[in-house]
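Asker: First the structure, then my questions, so here it is.
The values are calculated or read from the model by the stated rules, or taken from the named source; none is laboratory data. Please read all numbers here as calculations on a predicted model, not as lab measurements. Neighbour counts run over all protein chains shown; Cβ positions are idealised from the backbone, glycine included. The protein model used for the area step is the full one, side chains on, heavy atoms only, and it has no ligands, DNA or RNA in it. Shrake-Rupley method; radii C 1.70, N 1.55, O 1.52, S 1.80 Å.
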Amino acid sequence: FLIAGGILGVSAFDLSHRGEWFRGLREGVLAVHAFRRSLQADPSGSDPLLGLGLYEYWRSHFTRVLSFLPFFRDRRREGRGKIRTAVEKGGVAGPIAEVAEAFIDFKEGRYGPVIRWAGDFLNRFPKNVIVRMLRGEALMESGKYAEARDDFQKILDQDPSLTKGYFLIGLAYAREGKDKERARKLIRDYLEMEKTAGPWRDKAEEVLRTLR
(Lines give C-alpha, C1' and ligand atoms only; values in the text may rest on other atoms or scores of the structure.)
Protein backbone atom coordinates (compact mmCIF):
# COMPACT_ATOMS: atom_id res chain seq x y z
CA PHE A 1 0.00 0.00 0.00
CA LEU A 2 2.85 2.39 0.83
CA ILE A 3 4.55 1.99 -2.55
CA ALA A 4 1.24 2.31 -4.39
CA GLY A 5 0.42 5.44 -2.41
CA GLY A 6 3.78 6.98 -3.23
CA ILE A 7 3.42 6.31 -6.96
CA LEU A 8 -0.14 7.67 -7.03
CA GLY A 9 0.85 10.67 -4.94
CA VAL A 10 3.67 11.67 -7.29
CA SER A 11 1.33 11.23 -10.25
CA ALA A 12 -1.34 13.39 -8.56
CA PHE A 13 1.15 16.18 -7.84
CA ASP A 14 2.48 16.13 -11.40
CA LEU A 15 -1.00 16.20 -12.94
CA SER A 16 -2.11 19.07 -10.69
CA HIS A 17 1.08 21.01 -11.42
CA ARG A 18 0.32 20.68 -15.15
CA GLY A 19 -3.22 21.95 -14.66
CA GLU A 20 -5.01 18.58 -14.98
CA TRP A 21 -6.92 19.16 -11.75
CA PHE A 22 -9.60 16.48 -11.99
CA ARG A 23 -7.20 13.69 -12.98
CA GLY A 24 -4.82 14.85 -10.25
CA LEU A 25 -7.62 14.87 -7.68
CA ARG A 26 -8.64 11.32 -8.65
CA GLU A 27 -5.06 10.04 -8.33
CA GLY A 28 -4.69 11.89 -5.04
CA VAL A 29 -7.80 10.30 -3.56
CA LEU A 30 -6.47 6.86 -4.51
CA ALA A 31 -3.10 7.74 -2.96
CA VAL A 32 -4.76 8.79 0.30
CA HIS A 33 -6.71 5.52 0.41
CA ALA A 34 -3.47 3.57 -0.03
CA PHE A 35 -1.64 5.59 2.66
CA ARG A 36 -4.52 5.09 5.11
CA ARG A 37 -4.46 1.34 4.51
CA SER A 38 -0.70 1.38 5.11
CA LEU A 39 -1.16 3.35 8.34
CA GLN A 40 -3.79 0.86 9.52
CA ALA A 41 -1.32 -1.96 8.92
CA ASP A 42 1.47 -0.14 10.80
CA PRO A 43 0.17 2.71 13.02
CA SER A 44 3.72 3.58 14.15
CA GLY A 45 4.98 4.19 10.60
CA SER A 46 6.06 7.72 9.59
CA ASP A 47 6.04 7.13 5.82
CA PRO A 48 2.22 7.03 5.44
CA LEU A 49 1.93 10.16 7.61
CA LEU A 50 4.30 11.98 5.27
CA GLY A 51 2.25 10.93 2.25
CA LEU A 52 -1.03 11.98 3.85
CA GLY A 53 0.45 15.27 5.03
CA LEU A 54 1.83 16.13 1.59
CA TYR A 55 -1.49 15.34 -0.04
CA GLU A 56 -3.52 17.40 2.45
CA TYR A 57 -1.21 20.40 2.25
CA TRP A 58 -0.69 20.57 -1.52
CA ARG A 59 -4.29 19.68 -2.37
CA SER A 60 -5.38 22.63 -0.24
CA HIS A 61 -2.68 24.82 -1.77
CA PHE A 62 -3.72 24.12 -5.36
CA THR A 63 -7.46 24.35 -4.61
CA ARG A 64 -7.31 27.28 -2.15
CA VAL A 65 -9.45 29.45 -4.46
CA LEU A 66 -12.23 26.89 -3.87
CA SER A 67 -11.85 26.76 -0.06
CA PHE A 68 -15.30 28.32 0.41
CA LEU A 69 -16.77 24.98 -0.72
CA PRO A 70 -17.17 22.42 2.10
CA PHE A 71 -15.41 19.59 0.24
CA PHE A 72 -12.38 21.83 -0.51
CA ARG A 73 -11.72 22.86 3.09
CA ASP A 74 -8.26 24.32 3.75
CA ARG A 75 -6.31 21.49 5.38
CA ARG A 76 -2.82 22.98 5.07
CA ARG A 77 -2.35 23.17 8.85
CA GLU A 78 -3.35 19.52 9.30
CA GLY A 79 -1.04 18.53 6.44
CA ARG A 80 1.90 20.39 7.97
CA GLY A 81 1.18 18.73 11.31
CA LYS A 82 1.45 15.25 9.78
CA ILE A 83 4.69 16.19 7.97
CA ARG A 84 6.13 17.55 11.26
CA THR A 85 5.24 14.25 13.00
CA ALA A 86 7.02 12.34 10.22
CA VAL A 87 10.11 14.53 10.81
CA GLU A 88 10.03 13.87 14.55
CA LYS A 89 9.53 10.11 14.12
CA GLY A 90 12.57 9.94 11.85
CA GLY A 91 13.21 6.65 10.12
CA VAL A 92 13.37 6.31 6.36
CA ALA A 93 10.88 9.14 5.80
CA GLY A 94 12.59 11.56 8.20
CA PRO A 95 14.98 13.36 5.81
CA ILE A 96 12.35 13.41 3.03
CA ALA A 97 9.86 14.96 5.45
CA GLU A 98 12.45 17.61 6.39
CA VAL A 99 12.84 18.57 2.72
CA ALA A 100 9.06 18.64 2.24
CA GLU A 101 8.68 20.95 5.23
CA ALA A 102 11.39 23.28 3.90
CA PHE A 103 9.68 23.52 0.49
CA ILE A 104 6.46 24.54 2.26
CA ASP A 105 8.32 27.20 4.26
CA PHE A 106 9.82 28.52 1.02
CA LYS A 107 6.42 28.59 -0.69
CA GLU A 108 5.00 30.54 2.25
CA GLY A 109 7.85 33.08 2.19
CA ARG A 110 9.71 31.98 5.35
CA TYR A 111 13.17 32.21 3.81
CA GLY A 112 15.18 32.58 7.03
CA PRO A 113 14.17 29.18 8.45
CA VAL A 114 14.79 27.57 5.05
CA ILE A 115 18.33 28.99 4.88
CA ARG A 116 19.16 27.88 8.44
CA TRP A 117 17.71 24.40 7.99
CA ALA A 118 19.37 23.91 4.60
CA GLY A 119 22.77 24.79 6.07
CA ASP A 120 22.41 22.03 8.67
CA PHE A 121 21.04 19.58 6.09
CA LEU A 122 23.90 20.25 3.65
CA ASN A 123 26.42 19.62 6.41
CA ARG A 124 24.95 16.11 6.59
CA PHE A 125 24.32 15.65 2.86
CA PRO A 126 26.66 18.07 1.00
CA LYS A 127 25.93 16.59 -2.44
CA ASN A 128 22.17 17.11 -2.26
CA VAL A 129 21.47 19.29 -5.30
CA ILE A 130 17.77 19.80 -4.55
CA VAL A 131 18.41 21.29 -1.11
CA ARG A 132 21.32 23.39 -2.33
CA MET A 133 19.15 24.84 -5.08
CA LEU A 134 16.38 25.52 -2.58
CA ARG A 135 18.82 27.35 -0.31
CA GLY A 136 20.16 29.33 -3.26
CA GLU A 137 16.66 30.45 -4.20
CA ALA A 138 15.87 31.35 -0.57
CA LEU A 139 19.11 33.38 -0.37
CA MET A 140 18.20 35.18 -3.60
CA GLU A 141 14.70 35.98 -2.32
CA SER A 142 16.37 37.38 0.83
CA GLY A 143 18.59 39.69 -1.25
CA LYS A 144 21.78 37.71 -0.54
CA TYR A 145 22.75 37.52 -4.20
CA ALA A 146 26.46 36.65 -3.90
CA GLU A 147 25.73 33.74 -1.54
CA ALA A 148 22.95 32.55 -3.84
CA ARG A 149 25.28 32.61 -6.86
CA ASP A 150 27.83 30.61 -4.90
CA ASP A 151 25.28 27.85 -4.25
CA PHE A 152 24.15 27.78 -7.90
CA GLN A 153 27.79 27.63 -9.06
CA LYS A 154 28.48 24.68 -6.75
CA ILE A 155 25.55 22.88 -8.37
CA LEU A 156 27.01 23.48 -11.83
CA ASP A 157 30.46 22.35 -10.64
CA GLN A 158 28.86 19.14 -9.36
CA ASP A 159 26.74 18.52 -12.47
CA PRO A 160 27.11 20.86 -15.49
CA SER A 161 24.06 19.25 -17.14
CA LEU A 162 21.80 21.03 -14.62
CA THR A 163 21.49 24.03 -16.92
CA LYS A 164 18.92 25.74 -14.70
CA GLY A 165 21.92 26.84 -12.64
CA TYR A 166 23.06 29.20 -15.43
CA PHE A 167 19.66 30.87 -15.47
CA LEU A 168 19.55 31.20 -11.68
CA ILE A 169 23.01 32.79 -11.54
CA GLY A 170 21.93 35.17 -14.29
CA LEU A 171 18.70 35.92 -12.43
CA ALA A 172 20.67 36.74 -9.27
CA TYR A 173 22.82 39.21 -11.25
CA ALA A 174 19.68 40.69 -12.84
CA ARG A 175 17.96 41.21 -9.50
CA GLU A 176 21.08 42.68 -7.95
CA GLY A 177 21.23 45.16 -10.82
CA LYS A 178 25.01 45.57 -10.80
CA ASP A 179 26.07 43.55 -13.86
CA LYS A 180 23.21 43.37 -16.35
CA GLU A 181 25.51 42.39 -19.21
CA ARG A 182 26.68 39.30 -17.35
CA ALA A 183 23.07 38.53 -16.46
CA ARG A 184 22.08 38.72 -20.14
CA LYS A 185 24.93 36.43 -21.20
CA LEU A 186 24.14 33.76 -18.62
CA ILE A 187 20.43 33.76 -19.41
CA ARG A 188 21.14 33.59 -23.17
CA ASP A 189 23.53 30.68 -22.50
CA TYR A 190 20.76 28.92 -20.59
CA LEU A 191 18.26 29.45 -23.40
CA GLU A 192 20.76 28.07 -25.91
CA MET A 193 21.23 24.92 -23.83
CA GLU A 194 17.60 24.45 -22.76
CA LYS A 195 15.44 24.05 -25.87
CA THR A 196 12.50 22.33 -24.19
CA ALA A 197 9.47 24.56 -23.66
CA GLY A 198 8.36 24.94 -20.07
CA PRO A 199 7.88 27.37 -17.18
CA TRP A 200 11.60 27.89 -16.55
CA ARG A 201 12.32 28.73 -20.18
CA ASP A 202 9.32 31.08 -20.20
CA LYS A 203 10.61 32.79 -17.06
CA ALA A 204 14.11 33.13 -18.53
CA GLU A 205 12.73 34.75 -21.70
CA GLU A 206 10.65 37.14 -19.59
CA VAL A 207 13.67 38.18 -17.47
CA LEU A 208 15.78 38.64 -20.60
CA ARG A 209 13.17 41.01 -22.07
CA THR A 210 13.36 43.19 -18.94
CA LEU A 211 17.15 43.46 -19.35
CA ARG A 212 17.02 44.92 -22.85
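Asker: Kindly state which helices (runs of 4 or more DSSP H) lie completely within the range 98-166 and contain at least 2 residues that are modelled with pLDDT of 95 or more and closer than 22 Å to residue 194 by Cβ.
Answerer: 129-141, 145-158
Asker: Residue 112 versus (1) open to solvent by 40 Å² or more (accessible area, probe 1.4 Å); (2) closer than 30 Å to residue 87 by Cβ: which is the lone unmet condition?
Answerer: Tallying (1) open to solvent by 40 Å² or more (accessible area, probe 1.4 Å); (2) closer than 30 Å to residue 87 by Cβ, residue 112 fails exactly one: (1).
Asker: Next question. Hey, among the residues in the range 191-206 that are under 21 Å from the mean Cα position of the chain (by Cα) and surrounded by 13 or more Cβ atoms within 10 Å (Cβ to Cβ), which one's nearest to residue 133 (Cα to Cα)?
Answerer: Checking each candidate, the answer is 200.
Asker: Follow-up question, since we're still on this one. For residues that are touching a residue at least 12 places away in the same chain (Cβ under 8 Å) and surrounded by fewer than 24 Cβ atoms within 10 Å (Cβ to Cβ), tally how many sit in the range 157-166.
Answerer: 5
Results for (1) open to solvent by 50 Å² or more (accessible area, probe 1.4 Å); (2) under 19 Å from the mean Cα position of the chain (by Cα); (3) farther than 15 Å from residue 135 by Cα; (4) of a type outside the set (Lys, Arg), shown as yes or no for each residue.
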| position | (1), (2), (3), (4) |
| --- | --- |
| 147 | yes, no, no, yes |
| 151 | no, yes, no, yes |
| 155 | no, yes, no, yes |
| 169 | no, yes, no, yes |
| 176 | yes, no, yes, yes |
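Asker: Among the residues in the range 113-135, are any free of Cβ contacts under 8 Å to residues at least 60 places away in the same chain, over 25 Å from residue 54 (Cβ atoms) and small (Gly, Ala, Ser)?
Answerer: Within the range 113-135, not a single residue is free of Cβ contacts under 8 Å to residues at least 60 places away in the same chain, over 25 Å from residue 54 (Cβ atoms) and small (Gly, Ala, Ser).
Asker: Take the range 167-198 and flag every residue that is at pLDDT below 95 and small (Gly, Ala, Ser).
Answerer: 177, 197, 198
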